[in-house]
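The values are calculated or read from the model by the stated rules, or taken from the named source; none is laboratory data. Everything numeric here is computed off the predicted structure, so don't read it as measured data. In this analysis, Cβ positions are derived from the backbone assuming ideal geometry, glycine residues included, and neighbour counts consider all displayed protein chains. When the accessible area is computed, the model is the full protein with side chains, heavy atoms only, and any ligands, DNA or RNA have been set aside. Shrake-Rupley method; radii C 1.70, N 1.55, O 1.52, S 1.80 Å.
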Amino acid sequence: MNIKTFNIFVGLTLFLGLLASCHDKPKNSRTDTYSSGTIKFVADESFSPIIDEQREIFESVYPEAKLNAVYTNELDAVNMLMKEQTFLAITSRNFTEAEFQNLKDRRFLPAAIPLASDGLALIVNNTNPDTIISVDEIRQILSGKVNKWDALRPGSKLGDIEVAFDNKQSSTVHFCVDSLLGGKPINSPNIYAVKKSAEVIDFVEKHPNSIGIIGSNWLNDKRDTTNVTFKRNIRVMGVSKIHPATPQSSWKPYQYYLYNGNYPLIRTIYALVNDPIHGLPWGFANFMSADYRGQLIFFKAGLIPRRGNITVREVNVTNE
């Protein structure tokens, strides 16, 4: 009889209240309120699965509200916010100091609201026997110092390492440049930027020598309510903080390993708000960040909600 101990999430308790207040009648042509009206908001495409869930639940709770999502890359999302083409952008970064000051100088009240944390996942083809990689090896690949599989794994027959991103200006690229390369540009000779995260998965399925980099919220198998399996048409690599990577030091972006910090590639999802009338953009942002229902959606999707108490228990599983 083998007994294994696993750490799993069994509950999420939130002590949150929906933030709402009364405001003067808007001085511009907008007629939306905190919980009604129609707005357009923009988000980085890598967050589209989880943001779509948030939008659908918000509209069911507030039937007089209509949220039109525009999914694009992170750079364009922030630019749209700065140009007042939208008043809510969902990204993986905070305002820069220059952006924040620019908005304040124009007498706006910008706010960056942390919503949740997800992992940046590395995926490979099902036929690829390599399932672990170190952060140092990822840096070497992205910087162009390593571009063939046999340089990582002597004897490998896979040839060139092809790296696929969702978009050349996406939040995943920004994370790699900023957090992994210290601000230096990606310099690999075999970089492929497709258009959407789903296309990264398709690319990896068709290219046995490729590595895809996408947000972990794309990987959870919706049939698995415990969030401990991933889509079965690709392999998810374990990532190690130390080099060389070993099975014991490598972790996949399971929810618990995001929570305890074992998984090294973690980013924060922000709602960047620049809404002068505190209308529907604020209502949706606060629903995702401060309402029990919004935070629970992040939790059930395998992410780490920003607020609330997460309960972890040890469970003994017996294999006879």
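A few comments on the model shown:
- When segment 146-158 is filtered for residues that are outside any loop (DSSP other than H, G, I, E, B) and open to solvent by less than 40 Å² (accessible area, probe 1.4 Å), the ones remaining, listed by number, are Trp149, Leu152.
- Test: residue in segment 39-49 that is of a type in the set (D, E, K, R), within 20 Å of His278 (Cβ to Cβ) and either modelled with pLDDT of 95 or more or open to solvent by less than 40 Å² (accessible area, probe 1.4 Å) (or both): yes
- Failed item, numbered, when Ile234 is tested on (1) under 17 Å from Val124 (Cα atoms); (2) in contact with a helix residue (DSSP H, G or I) (Cβ under 6 Å, 6 or more places away or on another chain); (3) of a type outside the set (Phe, Trp, Tyr); (4) open to solvent by 50 Å² or more (accessible area, probe 1.4 Å): (4)
- Cross-chain or 6+ apart pairs with Cβ under 9 Å, segment 252-263 first and closer than 20 Å to Ile214 by Cβ, then open to solvent by less than 50 Å² (accessible area, probe 1.4 Å) and basic (Lys, Arg): none
- Selection of first residues in segment 35-54 that are in contact (Cβ under 8 Å) with a residue 12 or more places away in the chain and of second residues that are of a type in the set (S, T, N, Q) and part of a helix (DSSP H, G or I), restricted to Cβ pairs under 6 Å at least 6 apart or on distinct chains, gives the following pairs, ordered by first then second residue: Asp44/Ser171; Ser46/Ser171; Ser46/Thr172; Ser46/Ser197; Pro49/Asn217; Ile50/Asn217.
- Some residue of segment 214-221 being assigned to a loop (DSSP other than H, G, I, E, B) and either at pLDDT below 95 or among the hydrophobic types (A, V, I, L, M, F, W, C) (or both): yes
- The set of residues in segment 170-197 being open to solvent by less than 40 Å² (accessible area, probe 1.4 Å) and either in a helix (DSSP H, G or I) or within 18 Å of Val236 (Cα to Cα) (or both) consists of Ser171, Thr172, Val173, Phe175, Cys176, Val177, Leu180, Ser197.
- Sole residue being modelled with pLDDT under 95, hydroxyl-bearing (Ser, Thr, Tyr) and either open to solvent by 30 Å² or more (accessible area, probe 1.4 Å) or more than 28 Å from Arg267 (Cα to Cα) (or both), chosen from Ser60, Ser29: Ser29
Here is a yes/no grid of residues against (1) within 23 Å of Thr38 (Cβ to Cβ); (2) modelled with pLDDT under 95; (3) out of contact with any Phe, Trp or Tyr (no Cβ under 6 Å at 6 or more places or on another chain); (4) of a type in the set (Asp, Glu):
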residue	(1), (2), (3), (4)
Glu64	yes, no, yes, yes
Asn68	yes, no, yes, no
Tyr71	yes, no, yes, no
Leu81	yes, no, yes, no
Phe87	yes, no, yes, no
Glu97	no, no, yes, yes
Phe100	no, no, yes, no
Lys104	no, yes, yes, no
Arg107	no, yes, yes, no
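- Between Val204, Val173, Val194, Val163, the distinction of being more than 22 Å from Ser134 (Cβ to Cβ) and in contact with a strand residue (DSSP E or B) (Cβ under 7 Å, 6 or more places away or on another chain) belongs to Val194 only.
- Identity of the residue in segment 284-310, in a loop (DSSP other than H, G, I, E, B) and open to solvent by 30 Å² or more (accessible area, probe 1.4 Å), that ends up farthest from Asn274 (Cα to Cα): Gly308
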